[in-house]
Amino acid sequence: MPPPRAPRQTAAPPLSARVRPELHFVGSAIFHYLGPAFAVLLFARIEPLGVAWLRILSAGLVFAVWRRPWRAWASAGPVERRTVVAWGGLLALMNASFYLAIDRLPLGTVAAVEFAGPILIAAIAVRSLRNLAALVVAVAGVAFLAEVSLSGSPLGFAFAIVNMALFAGYIVLAHRVSRHRHLVGIDGLAMAMLIAAVFALPFGVIDAAPAFTDPLALGAAIGVGVTSSVIPYVFDQLAMRRIARATYALMVALLPATATVIGVLVLTQVPTPAEVLGVALVIVAVALHRDGAPETDFEKGN
């Protein structure tokens, strides 16, 4: 008799698929403002737009070496390419407006304003009373975190509002790219970051010039790029591929809370009691929310 066949071995799923997507988001939330907190400290050496461009450029170069995204670009269809080009332009403007805002306002305040756009995305997709309650609690939490006055810096608030609108667009486009067929996920992100570096070149390169004669500042700017645009954006793509867009938008409520904590630890921006209550409310909101049916369809991209 022939020997019995050994059971067929199935390949283990990659580590990114075995980690809960919510944990990917937590990783993104931590680094989303940790890098900018260090960038604020760098403003004494380099102007905000220069830091923004160096952040984008260094992230783009890291992605280029790691992913070589032009290979995925070659096989992508016109819809995928247009989406990634739009995302690159949006990343350039979003980073610029964000840095101009945090140069004038506390990090936690900018984060609270930034959340207003994503919360509209979450509101559009509300399908249950439980999720509606979560949305209301999240709004209340951000309202406490945003206990600020326009008398501080009107121009800073203007940049924060522009950044808010662009961040909402980031969620929409990033979520769409996470479901592409060819220029998908991290490859799409890598190509978008290279495109963003080109878009940001005209308004960032002059302000960035001092860094090229200051090795310490240049190294710090590269570190900001890795912690601000490589690590969190990769986590975003890993999370978005498995989380509905509306759910992700609501989870963004964690970002103002994260920014407040990092503002304390790195910038000694001590929160008020109202801001502490806001942190607690947004955590409750995220815990209360329940995801709907998973989104699994991929865009054709042709």
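Remarks
- The residues packed around Met193, meaning those with a beta-carbon under 14 Å from its beta-carbon, carry a net charge of +1 if Lys and Arg are +1 and Asp and Glu are -1.
- Computed extension gain for Ser75 through Arg45, at 0.36 nm per residue and net of the alpha carbon distance, reaches 6.6 nm.
- Counting only Cα atoms, the size of segment 154-240 along its three principal axes is 42, 33, 21 Å, in decreasing order.
Computed from the coordinates by the stated procedures, all read-outs in this text should not be read as laboratory data. Quick caveat, the model's predicted, so the values are computed rather than measured. Virtual Cβ from ideal backbone geometry, glycine too; neighbours counted across all protein chains shown.
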